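Chemist: Have a look at this one before I ask anything.
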Amino acid sequence: MDSAWVHRSLPYLLADHDLIGVEERPFPNDGWSGAVLTLLEDRGRRFVLKRTSASRDWIVRSTRDSMIREAVLAAGPDPFHAPLRMAHLGAAVDDAPAARSDANAALAGPGGAAPAPGAAILMPDLSRSLLHWNQGAGNAATIDDETLEQVLAAIAEIHAQPWSQRLPTGWPWCPDLERITLLTRPSAERYAAEGVWVGGRFLEGWDAFERAAPPAARDLVAALSRDARPLLDALGGLPRTGLHGDLKLANVALYATGGASFIDWQMTAVGPVAMELGWFLVANVAELRDGPDRVLDRYREALRTAGGDEVVGDWEAQRDLALIVGLLLRGWRKALDAEAGLTLPTGASARDDLAWWCAAAVDAAVRRL
């Protein structure tokens, strides 16, 4: 599949927004992927330029993102209708050449050709609209009920709107297998072998999981980390729809005038909502005052309001598989929080939260896998 940004150089994109010659300054962010963000500020206007490539970004490599799917999306027309809108202003070839390495060799073309070029993605600075995100439990920056309702309504719109059907055949979706196994121990070992620093952090967490989780949960996570086909088969029996792929609250922008945008579409996928919801629940545990079942109930109501009943199918199966996906992706972080003795915004201890997730995922696996 061809993509417009591949044939467009960065100066042309900057010229479209009268940004030629504007100094790029570092832009602090909490991303772990390796993508580089810079701020361009001119005459009261603020823009963020995101540079990503296989050599920079371990998520690009790990999800076989040879076309830089976020750049492909950014270069095209906005596929959404109100109250959603895309935040991207365009994309272009990054003029900084990507280094070739063993880590990105998997993305090379036939005959060992260099992988796709890096991409530069331009967007407005949404710092004032993006929600705060904590990487673990034990922090006080929770979101209130009204904000959570707005977030869930926006997520429901992503799932209910037929935007994925408007994209061309051959769109480079994030593969299901690579998404649900992105943070497992075997994946972490690969990252560590590549010299990616997050690999060591994930391994530290999975070591804590081995110490803190009950045997049945350890066995479940280990089995699915080795072979995720039973989970993929179960997910394959549910309706599929367009997913954002990385629903951390820091990727959600809510506007005072109404509506919402989302950033970081590098794992956008077509799949059952269980994949999205499992990650949403575990990635945002430090901000959510409601427990998992209450959040899922509120999402279900938001989806009904958005007219998205057809993307659900068996809701109880969606719930069960979301819990399994969540533990598989983030059991490592829950174990670190448990060993640190942290308390969640729900009032539960992180140790009790880990125990709940372990028991719920094991029970769900008995029913679904």
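The values are calculated or read from the model by the stated rules, or taken from the named source; none is laboratory data. Every value quoted in this text rests on a predicted model; they were computed, and no experiment measured them. Cβ coordinates were reconstructed from backbone atoms using ideal geometry, including for glycine residues, and neighbour counts include every protein chain displayed. All accessible areas refer to the heavy atoms of the entire protein, side chains included, with ligands and DNA or RNA removed. Shrake-Rupley method; radii C 1.70, N 1.55, O 1.52, S 1.80 Å.
Chemist: Find the residue count for the range 137-195, including only residues that are surrounded by fewer than 19 Cβ atoms within 10 Å (Cβ to Cβ), more than 18 Å from residue 296 (Cβ to Cβ) and acidic (Asp, Glu).
Modeler: Qualifying residue count, the range 137-195: 5.
Chemist: Here's a check for you: in the range 1-56, which residue that is touching a Gly at 6+ places or on another chain (Cβ under 6 Å) and assigned to a loop (DSSP other than H, G, I, E, B) is surrounded by the fewest Cβ atoms within 10 Å (Cβ to Cβ)?
Modeler: It comes out as 1.
Chemist: Restricting attention to the range 258-278, which residues are of a type outside the set (A, V, I, L, M) and either open to solvent by less than 10 Å² (accessible area, probe 1.4 Å) or within 21 Å of residue 68 (Cβ to Cβ) (or both)? Step through it out loud before you land on a result.
Modeler: Of the residues in the range 258-278, the ones of a type outside the set (A, V, I, L, M) are 258-259, 261-262, 264-266, 268, 271-272, 276, 278.
Within the range 258-278, 261, 262, 264, 265, 266, 268, 271, 272, 276, 278 meet the criteria.
Chemist: With the requirement that a residue be among the basic types (Lys, Arg) and buried (at least 18 other Cβ atoms within 10 Å of the Cβ), what does the range 296-316 give you? Reasoning before the result, please.
Modeler: Taking the range 296-316 first, the residues among the basic types (Lys, Arg) are 298, 300, 304.
Residues satisfying the conditions are 298, 300.
Chemist: Applying the selection to the range 84-94, what residues are within 16 Å of residue 151 (Cα to Cα) and open to solvent by 60 Å² or more (accessible area, probe 1.4 Å)?
Modeler: Residue satisfying the conditions is 85 alone.
Chemist: While we're here: Specify the residue that is modelled with the lowest pLDDT; the eligible residues are those in the range 103-129 that are open to solvent by 50 Å² or more (accessible area, probe 1.4 Å) and not in a loop (DSSP other than H, G, I, E, B).
Modeler: The selected residue is 110.
Chemist: Closer than 13 Å to residue 122 by Cβ and surrounded by 15 or more Cβ atoms within 10 Å (Cβ to Cβ), is that true of residue 64?
Modeler: For residue 64, the condition - closer than 13 Å to residue 122 by Cβ and surrounded by 15 or more Cβ atoms within 10 Å (Cβ to Cβ) - is not met.
Chemist: So which residues in the range 224-280 are under 21 Å from residue 334 (Cα atoms) and aromatic (Phe, Trp, Tyr)?
Modeler: 279, 280, listed by residue number.
Chemist: Examine the range 340-351 for a residue that is in a helix (DSSP H, G or I), out of contact with any Pro (no Cβ under 8 Å at 6 or more places or on another chain) and without any contact (Cβ under 8 Å) to a residue 60 or more places away in the chain, and state whether such a residue exists.
Modeler: No - not one qualifying residue is present in the range 340-351.
Chemist: Also, I was wondering about something else. Open to solvent by 10 Å² or more (accessible area, probe 1.4 Å), of a type outside the set (S, T, N, Q) and either modelled with pLDDT of 95 or more or outside any loop (DSSP other than H, G, I, E, B) (or both), is that true of residue 332?
Modeler: Criteria not met by residue 332.
Chemist: Would you call residue 226 more than 21 Å from residue 313 (Cβ to Cβ) and open to solvent by 10 Å² or more (accessible area, probe 1.4 Å)?
Modeler: So residue 226 fits the description; yes.
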